[in-house]
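The values are calculated or read from the model by the stated rules, or taken from the named source; none is laboratory data. Model, not experiment: these values are computed from the prediction. All Cβ positions, even for glycine, are placed from backbone atoms using ideal geometry, and neighbour counts span all protein chains on display. Side chains are part of the model used for accessible areas, which takes the heavy atoms of the whole protein and leaves out ligands, DNA and RNA. Shrake-Rupley method; radii C 1.70, N 1.55, O 1.52, S 1.80 Å.
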Amino acid sequence: MLAELKESGKYFAVKALKKEHILANNHVECTKVEKRVLALAAENPFLTHLHSTFQTKDCLFFVMEYVNGRDLYFHIVVMGHFDLQSTQFYVAEIICGLQFLHTNGVIYRDLKLNNVMLDGDGHIKIVDFGLCKDNMIDGKAMSFCGTEHYIAPEIFQGKEYSFPVDWWSLGVLVFEMLTGDSPFQGDNEDELSTSVCTDTIEYPSWLNQESKDLLEKLLERDPTHRLGVAGDIRAHPFFEVIDWPTLEKREMEPPFKPKITVRSSGP
């Protein structure tokens, strides 16, 4: 829900969770993790920040900053795909957010176009931490979760997994940003699983060598050899144009500034 703090005129996004649904679906721990990660996110400019929480008899409420530039899926639908410069910028900011989470022991597990939004200035904000797993510095996860087209092969195969699953999802995201399409196809979960685990990925001939090499190293099926874990992703030639210290301070000029219209959802 969109909410306004009357005394300041500032807008916030309010997420409401029904307690009965949390209990019925055994999501108590997931909800606690989401709150912990939201609180942690205040330390990074590329993650959605938590303003406050409160509860009623029936619901829990997370009051978060209002990110009003729409998600990357919306912008790709409008544009078809992003140009190289825009992709480099957005992916670099996503990397800053992911590396912050990983350094703090959090596997994100749901990186996708819909969960990366633009703020009013055109910088990215990663949203929705409901599938995060924390306290994972030395641990492994086993749960099958995520959005199907972005799930890493080790999850489909029922293996233990850790931070490399987020770098696989980033590879899928980069492919979609550059081409407007997914690298994997399937009409159901079984077909998609087979595609993710075994299909040879076809790269458009017009992709430059740096883009193709980045994708091949992110979409590496062996998680121990996947870029992000094996090697410094920031040093890859794809990001040669990125001034990382400037970017981390949100001082690089975004390629696009969304047109913002704030609409009230009620009287």
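Miscellaneous remarks
- One residue from GLU216, GLU251, GLU220 being in a loop (DSSP other than H, G, I, E, B), out of contact with any Gly (no Cβ under 7 Å at 6 or more places or on another chain) and open to solvent by 70 Å² or more (accessible area, probe 1.4 Å): GLU251
- When VAL174, VAL165, VAL229, VAL196 are checked against the criterion of being over 19 Å from LYS112 (Cβ atoms), touching a helix residue (DSSP H, G or I) at 6+ places or on another chain (Cβ under 7 Å), among the β-branched types (Val, Ile, Thr) and in contact (Cβ under 8 Å) with a residue 40 or more places away in the chain, a single residue qualifies: VAL229.
- Number of the exception - GLU176 against (1) surrounded by fewer than 18 Cβ atoms within 10 Å (Cβ to Cβ); (2) modelled with pLDDT of 95 or more; (3) outside any loop (DSSP other than H, G, I, E, B); (4) not aromatic (Phe, Trp, Tyr): (1)
- Residue that is surrounded by the most Cβ atoms within 10 Å (Cβ to Cβ) [pool: residues in the stretch 116-157 that are assigned to a helix (DSSP H, G or I) and not acidic (Asp, Glu)]: TYR150
- Verdict on CYS30 being part of a helix (DSSP H, G or I), over 21 Å from LEU227 (Cβ atoms) and touching a residue at least 40 places away in the same chain (Cβ under 8 Å): yes
- Remark: LEU218 falls outside the filter, which requires a residue to be within 25 Å of ASP83 (Cβ to Cβ), hydrophobic (A, V, I, L, M, F, W, C) and touching a His at 6+ places or on another chain (Cβ under 6 Å).
- Positions within the stretch 49-98 being open to solvent by 10 Å² or more (accessible area, probe 1.4 Å), in contact with a strand residue (DSSP E or B) (Cβ under 7 Å, 6 or more places away or on another chain) and part of a loop (DSSP other than H, G, I, E, B), in sequence order: HIS49, ASP58, TYR66, VAL67, ARG70
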